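Trainee: Please find one structure pasted underneath; my questions will follow.
The values are calculated or read from the model by the stated rules, or taken from the named source; none is laboratory data. Keep in mind it's a predicted model, so treat the numbers as computed, not measured. Note that we place each Cβ from the backbone using ideal geometry, even for glycine, and neighbour counts take in every protein chain shown.
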Amino acid sequence: MRFTKTLLAAAIATTVLVGCNDDDTTNIYPVEPTPVAPTEVSIAAFNISFDHSDFAELSEVMSMTQSEQDDLIAQWENASISDDAELKKAEKVIQIRNIATIIQKSRPAAVLLKEFNNDGVGEDQVALQGFRLNYLGVPQEFEGESLEPIQFPYADSYSTNTGLNSGLDLDNNGSTTDANDAWGFGFFHGQYAFALLSQYPIDSENTRTFQSFKWKDMPGETNVAIDCALNDVNDTDSYCSVLPEGTTPAENWYTDEAWEEMRLSSKNHVDATILIPTENGESEAIHLLMSHPTPPIFDVAEATYNKSRNRAEIDFWVDYIDGADYIYDDAGVTGGLAEGEHFVVLGDLNADPLAGDGDLTSINGLMTHDKVNQLATFGVYAPKSFGGPECIANSECRESDVPAPEMATSTSGLRLDHVIPSATLNVVDSGVFWPATFEDGRILMNDDRLTRLDTWNPGVGKNVSSDHRMVWIKLEL
């Protein structure tokens, strides 16, 4: 249920990287890195919002060499592009370059990239390879300076439930073929997938995935109930109000057949271990517990199935770090994390612990867990920025009344993105990459030249870089 390529790298010339787009993705770097025992390691999560119409489109843009990108952007800047498709491609290149600039500026040792489309099963590495070579592997321009390229010798791309059709009518609209009938919402298999980049080896042979774990197999979980008493009879979008005359709704949102097969993870839940070299020649293992739960919205009034699923997807990690024996992975191995293991839960969890539409109990249960380093969740090392409060104060964010604007991680104004370390790890720094007007890099978040691709808030959201911000923590080993 995963595909892994261990890629060898070291400091190599930029000229070697540019244009290296052959079909062999096994080894895209020519020099094997020399392991160096670090004293500090930064781990990040970044929803990069690479919102392309299909995987082929993303692969095409990622395969462009630096010179090809430069030529296209020059045409965009002098307004000489008349073809709408080429104009869209130019703006996508600018967005990807801005994402690469943020990563080069922040320089995490490992970063989870959410909403990085793949082929559904993670086997086709062209887009991921292109991003590493043609964007991260070349110097990006930042405030008049040329940044140092950043290399990630190791990478994994994971299979996903998004766009994988279930063959069942999961949204109760009489059809079994639309995006809502996939195990995870998506217009094509591989949309909204995620990938891991690392400067340290990934123990791919022991990576655990939970793509096919069934929601019903979590203790205490039951089918989502429908309550038409909650229905506003004037709400024409309501499920209950549009039922054929003379019919009544089923007791549960999912049919018995669908509930028996319903998968928990809207994308995937993945436990991948990175191996960080130590001075004694051995390595320190840190489990990266990665996921991207469904947002707790888009429900109908009578059935909060997305809110319930988001809660359960987060509760899964609570049970996993407790070592719950009911859990099984895609290889049939049972049980959760072993006692005493280092871990970091990271991802766009679509849940703010203090506000928003989600179930506050589940996200707080994770963030206040006794196995979690709470200095990094609510304490002095909780990730913050100056840009978040500005976004909210300037009405550029959707929410205007949030209890902790400095911890916001998206243009919703909410704290949705998380990097949550175990209590066994020593956190020494953290942050949300969100520059305010008085800091360098504001144009990576706010660029009035880019107005077409995010109609809700042009020049601010995913048309510039992303509608989410990179969140990171720094560990002292």
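Trainee: State which residue is farthest from Ala179 (Cα to Cα) when the search covers only the range 255-290 and only residues that are free of Cβ contacts under 8 Å to residues at least 60 places away in the same chain and assigned to a loop (DSSP other than H, G, I, E, B).
Mentor: This residue is Asn280.
Trainee: If I filter the range 295-318 down to residues being in a helix (DSSP H, G or I) and either among the acidic types (Asp, Glu) or touching a His at 6+ places or on another chain (Cβ under 7 Å) (or both), which single residue comes out as farthest from Asp217 (Cα to Cα)? Break it down into steps so the answer makes sense when it comes.
Mentor: Within the range 295-318, the subset in a helix (DSSP H, G or I) is 305-318.
From what is left, the residues that are either among the acidic types (Asp, Glu) or touching a His at 6+ places or on another chain (Cβ under 7 Å) (or both) are 313, 315-316, 318.
Details: Glu313: 12, Asp315: 13, Phe316: 11, Val318: 15 Å.
Top of the filtered list is Val318.
Trainee: Does the range 440-452 contain at least one residue that is of a type outside the set (Lys, Arg), part of a helix (DSSP H, G or I), surrounded by 21 or more Cβ atoms within 10 Å (Cβ to Cβ) and in contact (Cβ under 8 Å) with a residue 40 or more places away in the chain?
Mentor: If we filter the range 440-452 for residues that are of a type outside the set (Lys, Arg), which is where we start, we get 440-441, 443-448, 450-451.
The next check asks that each one be part of a helix (DSSP H, G or I); those that pass are 443-444.
Filter once more, keeping what is surrounded by 21 or more Cβ atoms within 10 Å (Cβ to Cβ): 444.
Among the residues that remain, those that are also in contact (Cβ under 8 Å) with a residue 40 or more places away in the chain are: 444.
Yes: the range 440-452 contains one or more residues that are of a type outside the set (Lys, Arg), part of a helix (DSSP H, G or I), surrounded by 21 or more Cβ atoms within 10 Å (Cβ to Cβ) and in contact (Cβ under 8 Å) with a residue 40 or more places away in the chain.
Trainee: Separate question: Looking at Lys88, Lys105, Lys92, which is the one that is in a helix (DSSP H, G or I) and under 27 Å from Ile274 (Cα atoms)?
Mentor: Numbers: Lys88 fails: under 27 Å from Ile274 (Cα atoms); Lys92 fails: under 27 Å from Ile274 (Cα atoms).
When all the criteria are applied, what remains is Lys105.
Trainee: Okay, moving on. Please state which of the following conditions Asp348 fails to meet, knowing it meets all the rest: (1) surrounded by 16 or more Cβ atoms within 10 Å (Cβ to Cβ); (2) out of contact with any strand residue (DSSP E or B) (no Cβ under 7 Å at 6 or more places or on another chain); (3) under 27 Å from Asn98 (Cα atoms); (4) not β-branched (Val, Ile, Thr).
Mentor: The single condition Asp348 does not satisfy is (2).
Trainee: Here's a follow-up. From the set of residues in the range 372-387 that are farther than 28 Å from Gly461 by Cβ and among the aliphatic types (A, V, I, L, M), which is farthest from the chain's Cα centre (by Cα)?
Mentor: If we filter the range 372-387 for residues that are farther than 28 Å from Gly461 by Cβ, which is where we start, we get 372-375, 379-380.
Cutting the leftovers down to among the aliphatic types (A, V, I, L, M) gives us 372, 375, 380.
Values: Val372: 21, Leu375: 23, Val380: 25 Å.
Result: Val380.
Trainee: Follow-up question, since we're still on this one. Any residue at all in the range 402-412 that's surrounded by fewer than 17 Cβ atoms within 10 Å (Cβ to Cβ) and at positive phi? Before you say what the answer is, go through the steps one by one.
Mentor: Just the residues of the range 402-412 that are surrounded by fewer than 17 Cβ atoms within 10 Å (Cβ to Cβ), to begin with: 403.
Remaining after also requiring at positive phi: none.
Looking through the range 402-412, none of the residues is surrounded by fewer than 17 Cβ atoms within 10 Å (Cβ to Cβ) and at positive phi.
Trainee: Return yes when Trp259 is buried (at least 16 other Cβ atoms within 10 Å of the Cβ), modelled with pLDDT of 95 or more, over 29 Å from Ala45 (Cβ atoms) and of a type in the set (A, V, I, L, M, F, W, C) and no when it is not.
Mentor: Working: buried (at least 16 other Cβ atoms within 10 Å of the Cβ): yes; modelled with pLDDT of 95 or more: yes; over 29 Å from Ala45 (Cβ atoms): yes; of a type in the set (A, V, I, L, M, F, W, C): yes.
Considered against the rule, which asks whether it is buried (at least 16 other Cβ atoms within 10 Å of the Cβ), modelled with pLDDT of 95 or more, over 29 Å from Ala45 (Cβ atoms) and of a type in the set (A, V, I, L, M, F, W, C), Trp259 comes out as yes.
Trainee: Residues that are closer than 24 Å to Phe142 by Cα, in a loop (DSSP other than H, G, I, E, B) and at pLDDT below 95: does the range 394-404 have at least one? Reasoning before the result, please.
Mentor: Within the range 394-404, the first condition is being closer than 24 Å to Phe142 by Cα, and the residues that meet it are 396.
Subsequent filtering for residues that are in a loop (DSSP other than H, G, I, E, B) retains 396.
Now narrow it down to the ones that are at pLDDT below 95: 396.
Yes; the residues of the range 394-404 include at least one that is closer than 24 Å to Phe142 by Cα, in a loop (DSSP other than H, G, I, E, B) and at pLDDT below 95.
Trainee: Which residues, counting only those in the range 125-168, are modelled with pLDDT under 95 and part of a loop (DSSP other than H, G, I, E, B)?
Mentor: Gln125, Glu143, Gly144
Trainee: Continuing with the same structure: If I go through the range 269-313 residue by residue, how many of them are among the hydrophobic types (A, V, I, L, M, F, W, C), touching a strand residue (DSSP E or B) at 6+ places or on another chain (Cβ under 9 Å) and within 25 Å of Asp370 (Cα to Cα)? Before you say what the answer is, go through the steps one by one.
Mentor: Narrowing the range 269-313 to residues among the hydrophobic types (A, V, I, L, M, F, W, C): 270, 272, 274-276, 285-286, 288-290, 297-298, 300-301, 303, 312.
Then drop every residue that is not touching a strand residue (DSSP E or B) at 6+ places or on another chain (Cβ under 9 Å), which leaves 270, 272, 274-276, 285-286, 288-290, 303.
With the extra rule that they be within 25 Å of Asp370 (Cα to Cα), the set shrinks to 270, 272, 274-276, 285-286, 288-290.
Count: 10.
Trainee: Next up: Among the residues of the range 172-186 satisfying the criterion of being closer than 22 Å to Leu349 by Cα and free of Cβ contacts under 8 Å to residues at least 60 places away in the same chain, which is surrounded by the most Cβ atoms within 10 Å (Cβ to Cβ)? If you could, list the steps in order and put the result at the bottom.
Mentor: Of all residues in the range 172-186, those closer than 22 Å to Leu349 by Cα come to 179-186.
From the residues that got through so far, the ones that are free of Cβ contacts under 8 Å to residues at least 60 places away in the same chain too are 179-182, 186.
Working: Ala179: 15, Asn180: 16, Asp181: 19, Ala182: 25, Gly186: 23.
Among residues in the range 172-186 that are closer than 22 Å to Leu349 by Cα and free of Cβ contacts under 8 Å to residues at least 60 places away in the same chain, the one surrounded by the most Cβ atoms within 10 Å (Cβ to Cβ) is Ala182.
Trainee: So which pairs qualify, if the first residue must be in the range 200-229 and in a helix (DSSP H, G or I), the second must be exposed (fewer than 14 other Cβ atoms within 10 Å of the Cβ) and not acidic (Asp, Glu), the Cβ gap must be under 6 Å, and the two must be at least 6 apart or on different chains?
Mentor: Taking only residues 6 or more apart or on different chains, not a single pair turns up.
Trainee: Can you find a residue that is touching a residue at least 24 places away in the same chain (Cβ under 8 Å), buried (at least 19 other Cβ atoms within 10 Å of the Cβ) and under 30 Å from Tyr381 (Cβ atoms) anywhere in the range 49-70?
Mentor: yes
Trainee: Is it true that some residue in the range 372-379 is among the aliphatic types (A, V, I, L, M), assigned to a strand (DSSP E or B) and in contact with a Leu (Cβ under 6 Å, 6 or more places away or on another chain)?
Mentor: Within the range 372-379, the subset among the aliphatic types (A, V, I, L, M) is 372, 375-376.
If we keep only those that are assigned to a strand (DSSP E or B) too, we end up with 372.
Restricting the remaining residues to those that are in contact with a Leu (Cβ under 6 Å, 6 or more places away or on another chain) gives none.
Scanning the range 372-379 turns up no residue that is among the aliphatic types (A, V, I, L, M), assigned to a strand (DSSP E or B) and in contact with a Leu (Cβ under 6 Å, 6 or more places away or on another chain).
Trainee: While we're looking at this one, here's another question. I want to confirm something. Restricting to the range 419-452 and keeping residues that are among the charged types (D, E, K, R) and more than 21 Å from Ile96 (Cα to Cα), which single residue is modelled with the lowest pLDDT?
Mentor: Glu439
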